[in-house]
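A short reminder: the numbers here are calculations on the coordinates, not readings from a lab. Model, not experiment: these values are computed from the prediction. Positions of Cβ are backbone-derived with ideal geometry, glycine not excepted, and every protein chain shown enters the neighbour counts.
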Amino acid sequence: MKFKGFFILSLVLLVNCSKKDSGSDLINLKEKALNSRRKITQAWQNDSIGCAGIRGEILENESFPFDSIIGLRTNQISMNFGKPNFMDNKRNRMFYFIDCKYAPPYFNLADNEGKLTKRIINTEAQVFYLEFDTDSIIIDKGGMVP
């Protein structure tokens, strides 16, 4: 009887320990895919506010499969695409300018430390956004036209 209990316990441990975390495997594959497109993401970063038109071309030509970044963390996106042009933490979105248009500037309100920021946001520009959940995982993407 002891042998039967030991056999069952060993089998349970073997099965549980040999399972792979398919979620982390998928994230690792997505990270590798993102790193393989480093040339595109570097071009995106170089066009930091969209005025060179590179970001628009990347989106228009579908040079980068943005569906593949859903499920990654926001810090992974920032490392590859650069810091977003602005964030909307109330709606959990990070925004990147696609083009630049001249419009009256919009001044931000106080930041976390209570200092007023004077970063100008171009209110007439097309933007690309990434929506994330409370765990900072990308759950959606889209574009906005003024």
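Annotations for the structure displayed:
- Pairs beyond 18 Å (Cα-Cα), from Lys30/Lys141; Lys30/Lys90; Lys83/Lys141: Lys30/Lys90
- Counting charges near Lys32 (Lys, Arg +1; Asp, Glu -1) among other residues having Cβ under 13 Å from its Cβ returns a value of +1.
- Oblate is the label for the stretch 47-97, because a/c, from the alpha-carbon gyration tensor with a ≥ b ≥ c as root eigenvalues, is 1.5 or above and a/b does not exceed b/c.
- Inter-probe distance in nm under a simple model that places probes 7 Å from Cα toward Cβ, at Asn61 and Asp140: 3.0
- Positive minus negative residues near Ile138 (Lys, Arg vs Asp, Glu; Cβ under 13 Å): -2
- Rounded FRET efficiency, nearest 0.05, which uses the C-beta distance separating Glu131 from Lys83 and R0 of 25 Å: 0.90
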